[in-house]
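K.L.:
Can you read through this structure? Questions will come right after.
The values are calculated or read from the model by the stated rules, or taken from the named source; none is laboratory data. Quantities reported herein were computed from a predicted structural model and do not represent experimental measurements. Using ideal geometry, Cβ is built from the backbone for each residue, glycine included, and neighbour counts are taken over all protein chains shown. Note: accessible area is taken over every heavy atom of the protein model, side chains too, but ligands, DNA and RNA are not part of it. Shrake-Rupley method; radii C 1.70, N 1.55, O 1.52, S 1.80 Å.
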Amino acid sequence: MKEQKDWFTGIDYYHNYKEKDIYINCLEIHQPIELQAHIQVELWYVLDGNAKIEINGKEYLLKKDAFLCIYAHHLYRVYDIQKPVNAIVIKFFIGLFMNMMWEKHEAGKNAELVYNTYPIIDGSCDRRIQELFKCVCKEKENQEFGSHNMMIYEVLELHTLFCRYALKNTDMNSMTNKDIWYMIQRIILSPSSVYSVEDAAKELGYHPNYLNQRVKQLTGMTFLELRQFAKVLNACALLHFEELDISYIIEQLGYSSTATFYRIFDKYTGMSPMEYQQTKILDTKNYYHGKDMYLQIIQYIFINFTSPITIKDCAQSLNIKEYAIRQLLKGYSSSFSKLLENIRFLYAKTLLEATDKPVTTIAMDCGFGSTSTFQRVFLKKKNCTPSAYRKKFKNL
């Protein structure tokens, strides 16, 4: 049985995600890099060098101050190296941002940032960019108190700065050309759609066999293999949400059967979906079941404790079952009513200590419903009435 003692913070729960790990290395490119298919997001800052990088079929220059943000749907290769490239590369899972609070934008803006902007900008446009890359490296090297948190903050700031300038510098009209790479990106971003090589060939005006050959040349995968890879890539993203059932993920990605999903997932990752989640995402040595849900329940109570809320209200608000809440809180030797009572009591005790508000007003302000209920709870927890407690506290 798990029990919360004294106090807790979000880190007691969210530190268990391996997806919050950040990988940093200084990359030196002397030889061409073959086409790379990857799962993590990569931020590059080029310190020196001169080469070319092809990202989803479009050519860019790798030169001093180039700042790249390469998402999982970006396939890239490096070639034509005129001068060895030295770059700082930061890698992380997209789940790092899933667990953070996104600033609100108009509908579709975040999707536009990820899918429709150029993957490279001039990093010299803002002096903070290179400084932040160096700060992340320093925190990684020094490992002082709070270094991991500082790295997360700095990487989030780097990503935000990239988005800001990428939006300004991208010509959206030029991003919608219906070439083969546009089709490849569509496959990766829409894995559940029924989209055959014949459909794609008809749209692009090619013979299906020719299109299949071109896809193989560009990505190293056939059209079918690319679709399979896209489904696995998106399955990996969905597995970051541990509350999702495997059956739901299978349905969302359009698999015909569970056996097919497991077979294809193993083909591309070498493990089962559950093994991937446990080894790549969750730290099972410090794993608390339902940790996200627990914090959501606590947050709901703190926000609404002044109102006459019930477990049913909480379940409806969080879109989960009452039974699930009861079972989760039972694991913490608690219940919804106990948590609600404790939070109301703590706030009431603080008001007794810090204000001269009448006991009746405090009872109502903290959601007790009646003075008698407040008196009963206080007697149970402090073995005295609220008035007696206040008098004793003032005389300390």
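K.L.:
Sort out which residues of segment 123-151 are open to solvent by less than 50 Å² (accessible area, probe 1.4 Å) and polar (S, T, N, Q), and write them in order of number. Give the derivation first.
P.N.:
Applying the first criterion (open to solvent by less than 50 Å² (accessible area, probe 1.4 Å)) to segment 123-151 yields 123, 126, 129, 132-133, 136-137, 139, 146-147, 151.
If the condition is that a residue be open to solvent by less than 50 Å² (accessible area, probe 1.4 Å) and polar (S, T, N, Q), then Ser147 is the only one that fits.
K.L.:
Same structure again: Got at least one residue in segment 36-50 being in contact with a strand residue (DSSP E or B) (Cβ under 8 Å, 6 or more places away or on another chain), open to solvent by less than 50 Å² (accessible area, probe 1.4 Å) and part of a loop (DSSP other than H, G, I, E, B)?
P.N.:
Yes: one or more hits.
K.L.:
Taking the stated definitions as given, is Ile120 in contact with a Gly (Cβ under 7 Å, 6 or more places away or on another chain), in contact (Cβ under 8 Å) with a residue 60 or more places away in the chain and surrounded by 19 or more Cβ atoms within 10 Å (Cβ to Cβ)?
P.N.:
no
K.L.:
Still on this structure: Take Ser333 and tell me if it is assigned to a helix (DSSP H, G or I) and open to solvent by 40 Å² or more (accessible area, probe 1.4 Å).
P.N.:
Taking the combined requirement at face value, the residue does not satisfy it.
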